[in-house]
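Only one structure is covered here, and it is reproduced in the block below.
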Amino acid sequence: MALLVWVPELDTGIDEIDRQHRRIVDYINKLYELRETHDRDGLGEVIGEMVDYTLSHFVFEESLMESAGYLFSGPHKKVHELFTRRVAEMQSRFDAGEDVANELHNMLSRWLFNHIRNEDHGYVDSAKAYLRMARESNPMAEKERLKAEVLQELEQRQQKKGWLARLFSG
C-alpha cells in the first residue's frame with residue numbers, strides 16, 4: 001500500500017469528525033514514511049501518538065453518537081473495541097522487538113477508510129440533527145463553534161511550522 005489520500009466521499013459533513021479522521025490519516029502516512037527507515041524510536045513514537053489520538057477520537061465519536069441517540073452506537077463502540085485490541089496487539093509485538101510496521105500500515109489503511117464509509121456514515125444524520133438542535137437551543141454553542149474553528153486554524157498553522165520553530169514557540 002502507499003500513502004493514503006483523503007477523498008471527499010470520506011467527509012461526514014461534521015467538521016470535527018472529519019478533522020480527526022484526516023489527522024489519523026496523517027499518522028498512518030507518517031507510519032508509511034518511517035517503515036523503511038528502521039528508525040524504531042521514530043516508529044514507536046508515531047505508533048504511540050497514533051494510538052492515543054485514535055482512542056481519544058473514539059471517545060469523542062462514541063459520546064457524540066450516544067448524545068445523538070444513534071440506535072447502533074453500542075455495536076459501533078464494539079467495532080472500535082475490536083479494532084483497539086488488534087492495534088494494541090500489534091503495538092505489543094512492536095514493543096517486543098518485532099517489525100510490524102508494514103503489517104500495521106496495511107491493516108490501518110484498509111480499516112480506516114472502510115470504517116468511515118461503512119460504519120461512520122451510518123451515524124451522520126443522527127449526529128447532524130443533534131448538533132443542529134443543540135446549536136439552536138444554546139446561543140453560546142455558536143460562539144464555541146467559532147472558537148473551535150480558530151483553535152483548529154492555529155493548530156494547522158503550528159503543524160506547518162518546522163520542528164525548530166515549534167520548539168521556540170511553546
Completion exercise
Sorted list, accessible surface of protein heavy atoms, 1.4 Å probe, largest first, for D41, D52, D120 is D41, D52, D120
Practice task
Could you tell me how many degrees, from 0 to 90 and to the nearest 10, lie between the Cα long axis of helix 73-95 and the main elongation axis, the longest principal axis, of the Cα atoms of the chain?
Solution key: 20 degrees
Exercise for the section: Hey, can you find the accessible area per residue of the chain for me, probe 1.4 Å, expressed in square angstrom? Expected result: 61 Å²
Problem - Portion, in percent, of the accessible area of the chain that falls on carbon or sulfur, probe 1.4 Å - result: 54 percent
Handout entry: Under DSSP loop assignment and at most 16 Cβ neighbours within 10 Å, longest GluC sites (Glu not before Pro)-free interval of the chain
Key = 99-170
Handout entry: Pair H121, E103: separation of 7 Å Cα→Cβ label points (nm)
Key = 3.1 nm
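So how strong a dipole does the chain carry about its Cα centre when Lys and Arg Cβ are +1 and Asp and Glu Cβ are -1, to the nearest 20 debye? Write down the numbers at each step before the final one.
Values: 23 positive and 31 negative charges, 62 e Å.
My answer is approximately 300 debye.
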Practice task
For the chain, find the longest principal axis of its Cα atoms and tell me its angle to the long axis of helix 139-160, 0 to 90°, nearest 10.
Solution key: 20 degrees
Completion exercise
So the angle from the long Cα axis of helix 40-67 to the longest Cα principal axis of the chain, reported in degrees to the nearest 10, equals 20 degrees
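The values are calculated or read from the model by the stated rules, or taken from the named source; none is laboratory data. If you're wondering where the values come from, they're calculated on a predicted model, not measured in any experiment. In this analysis, Cβ positions are derived from the backbone assuming ideal geometry, glycine residues included, and neighbour counts consider all displayed protein chains. Keep in mind that these areas ignore ligands, DNA and RNA; they rest on the heavy atoms of the full protein, side chains included. Shrake-Rupley method; radii C 1.70, N 1.55, O 1.52, S 1.80 Å.
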